[in-house]
Structures are given as C-alpha cells and as structure tokens.
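Comments concern the structure below.
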Amino acid sequence: MRIQMLGSYLDCLTMDETVSEVKKIIVARKPTQHVVINAGKINLMKKMKRFVIL
C-alpha cells in the first residue's frame, strides 16, 4: 500500500513483501532506489524540508 507522508510517498510493506519486490527488481534489471525509513528520518523530514523527496 502506498501512502503520502510529509510530502513523500511511502510503500508500506512487510519484510516478505519487500523481499518479493526486490527479487522482481533484480530479475527485471531495473535501476531502483530502495530506502528504509525510521522514526528518526520521519522527524528530520518534518523539521527539514530538504529531506522530503517528491
């Protein structure tokens, strides 16, 4: 499920879903950026607009 938070889009996936998506990306040889977000990053996004990716 994709949600929008603080101006950025987040895909909310379980670990199994994440591994499955990464496998698909590897097979497709598709350049992709995979970023994990935690509470510290959310706080930075809220305080500093330069951390928000649109």
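The figures follow:
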{"quantity": "Check: the chain dipole with +1 on Lys, Arg Cβ and -1 on Asp, Glu Cβ, in debye", "calculated": "340 debye"}
{"quantity": "Residue-by-residue Karplus 3J(HN,Hα) for region 15-25, coefficients 6.51, -1.76, 1.60, Hz, glycine and proline x", "calculated": "4, 4, 5, 4, 4, 4, 5, 4, 4, 4, 5"}
{"quantity": "Apportionment of accessible area to carbon and sulfur, the chain, percent (1.4 Å)", "calculated": "61 percent"}
{"quantity": "Options (i) 67; (ii) 60; (iii) 56 - which one matches percent of Cα pairs over 15 Å apart as calculated here", "calculated": "(iii)"}
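The values are calculated or read from the model by the stated rules, or taken from the named source; none is laboratory data. These figures come from a predicted structure and were not determined experimentally. Positions of Cβ are backbone-derived with ideal geometry, glycine not excepted, and every protein chain shown enters the neighbour counts. Only protein heavy atoms, including side chains, enter the accessible area calculation; ligands, DNA and RNA are left aside. Shrake-Rupley method; radii C 1.70, N 1.55, O 1.52, S 1.80 Å.
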